[in-house]
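The values are calculated or read from the model by the stated rules, or taken from the named source; none is laboratory data. Keep in mind the model is a prediction, meaning the values are calculated, not measured. As a convention, Cβ positions derive from the backbone with ideal geometry for all residues, glycine included, and neighbour counts pool all protein chains shown. In case anyone asks, the SASA skips ligands and DNA or RNA and just uses the protein heavy atoms, side chains included. Shrake-Rupley method; radii C 1.70, N 1.55, O 1.52, S 1.80 Å.
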Amino acid sequence: MAMELFEPAGRATLVGSMPHTDPERAVRVVLETMPEIPVWPQLPKYAAEQMMLQYLEGLPGVRQKDGRVWVDTENSDQEILAFYEDYLAVETTPSLVDHSRFAMGEATGRTFRLFLDRLTQKLDAVKAIKGQIVGPLTLLSGLTDQHRRALLFDDRLRDIVVKHLAMKALWQVHQLRRCGKPVILFLDEPALAGFGTSAMLTVSADDIKSLITQVAEPLRQAGALVGVHVCANTDWGLMFECPLDIINMDAYQFFDRFVLYRQQCLKFLNQGGIVAWGMVPTSEEALIDTVSAESLAEQWRDNVRTLCGSELSEASVLRQSLVTPSCGCGTLSERHAEQVAELTRDLSRILRGL
């Protein structure tokens, strides 16, 4: 299926996580501040919605005891066999994913379903809908087996986790597409900041590309636009080599690293790629209080001039840009999270001349 035609044109959206304990308020804040590209708010104050835990449902071998979560790789052969049977069924008939093990359950999908219910009343202004899922490298490096060994280094479980995430994301795309709008799905990959460090010396660039590709391609085939979000620095050249439609980086703190890949970025833009500029800081609450939408707009314009020179105009870059916070807001106070959302909205309006 061809991807939906979508021109971001400097519109605003959020990375996803919010600190709220009241799902109704979180959804209302999103719909009020991000009416054109709303995103379902992930609420990590609830254990079932924490970044990794929310996507473990349906994964074979998952065990939990005394606050620890791991995968039993020695006593889960029957679970793994059942997993592959379900996966192959969905791969053959994708519509089966809607009522499969890959669906979000009552607890993990509570805010997601509330968002969809409230969104259906506000679709007139919507240009696209955004979802998110933990990226494969982040889950594989953060989830361990019974011996506390990361699943990233277990070939069998690596294959299972990647297939599992692809289907969990596909389920999400199917639900969001029912609104009749283009769907954007971000892979949240904070672990990519560790690529090339001693913790990942045995992980190659080809390994990373394979992981991203195996999750992204089924979603793109389903018509979604797929992005990757990294909240720090990484090998952006490698990201530009992956089958991605959107690159989301922390432009507030790390633009000086990102611009080192300017030729790859210009090629990406010239081929229709979208850059999601994480312009609104989320790292420190005191910092959020010091910035304004006007100062961030000037910073963005400076960044575009540095990145593009005379090769691309500001207007052409804006057409292929989204405006986001630098990262999720899940660790902030509710007040500061809402302030970030308002700053992101206001920055987008300034850049678009609204």
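Every listed requirement among (1) assigned to a helix (DSSP H, G or I); (2) surrounded by fewer than 23 Cβ atoms within 10 Å (Cβ to Cβ); (3) of a type in the set (V, I, T) is met by I212 save one, (2).
Residue-wise test of (1) under 24 Å from G272 (Cβ atoms); (2) without any contact (Cβ under 8 Å) to a residue 60 or more places away in the chain; (3) part of a helix (DSSP H, G or I).
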site	(1), (2), (3)
V162	no, yes, yes
M167	no, no, yes
L219	yes, yes, yes
G227	yes, yes, no
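Of all residues in segment 11-28, those being open to solvent by 50 Å² or more (accessible area, probe 1.4 Å) and not charged (D, E, K, R) number 1. Restricting attention to segment 56-68, the residues that are closer than 16 Å to K168 by Cβ, of a type outside the set (G, A, S) and either open to solvent by less than 60 Å² (accessible area, probe 1.4 Å) or over 20 Å from the mean Cα position of the chain (by Cα) (or both) total 4.
The single condition among (1) within 17 Å of the chain's Cα centre (by Cα); (2) over 21 Å from I37 (Cβ atoms) that D245 does not meet is (2).
For L96, the criteria (1) in contact with an Asp or Glu (Cβ under 9 Å, 6 or more places away or on another chain); (2) of a type outside the set (D, E, K, R); (3) open to solvent by 30 Å² or more (accessible area, probe 1.4 Å); (4) in contact (Cβ under 8 Å) with a residue 60 or more places away in the chain hold in every case but one, which is (4). With respect to the conditions (1) of a type outside the set (F, W, Y); (2) out of contact with any Leu (no Cβ under 9 Å at 6 or more places or on another chain); (3) over 30 Å from L322 (Cα atoms), L43 lacks only one, and its number is (3). For segment 34-50, a residue qualifies if it is surrounded by fewer than 19 Cβ atoms within 10 Å (Cβ to Cβ) and assigned to a helix (DSSP H, G or I), and the qualifying residues are A47, A48.
Residues that are closer than 20 Å to G142 by Cβ, touching a residue at least 24 places away in the same chain (Cβ under 8 Å) and open to solvent by 50 Å² or more (accessible area, probe 1.4 Å) within segment 169-198 comprise just one, G196. Restricting V173, V71, V162, V90 to those that are within 28 Å of P19 (Cβ to Cβ) and modelled with pLDDT of 95 or more reduces the list to V173. Against the condition open to solvent by 50 Å² or more (accessible area, probe 1.4 Å) and at pLDDT 95 or above, how does D289 come out, does it pass? Criteria met by D289. If you go through segment 126-157 and keep only what is surrounded by fewer than 19 Cβ atoms within 10 Å (Cβ to Cβ) and within 17 Å of F195 (Cβ to Cβ), you end up with G142, A150, F153.
Looking at L31, L53, L81 in this structure, which one is in contact with a Pro (Cβ under 8 Å, 6 or more places away or on another chain), of a type in the set (A, V, I, L, M) and either surrounded by fewer than 20 Cβ atoms within 10 Å (Cβ to Cβ) or free of Cβ contacts under 8 Å to residues at least 24 places away in the same chain (or both)? Working first, answer last.
Working: L53 fails: in contact with a Pro (Cβ under 8 Å, 6 or more places away or on another chain); L81 fails: in contact with a Pro (Cβ under 8 Å, 6 or more places away or on another chain).
On inspection, the qualifying residue turns out to be L31.
Could you please find all residues in segment 319-337 being farther than 17 Å from G227 by Cβ and buried (at least 21 other Cβ atoms within 10 Å of the Cβ)? Let's see the steps before the verdict.
Narrowing segment 319-337 to residues farther than 17 Å from G227 by Cβ: 329-337.
Those that are farther than 17 Å from G227 by Cβ and buried (at least 21 other Cβ atoms within 10 Å of the Cβ): C329, G330, L332, A337.
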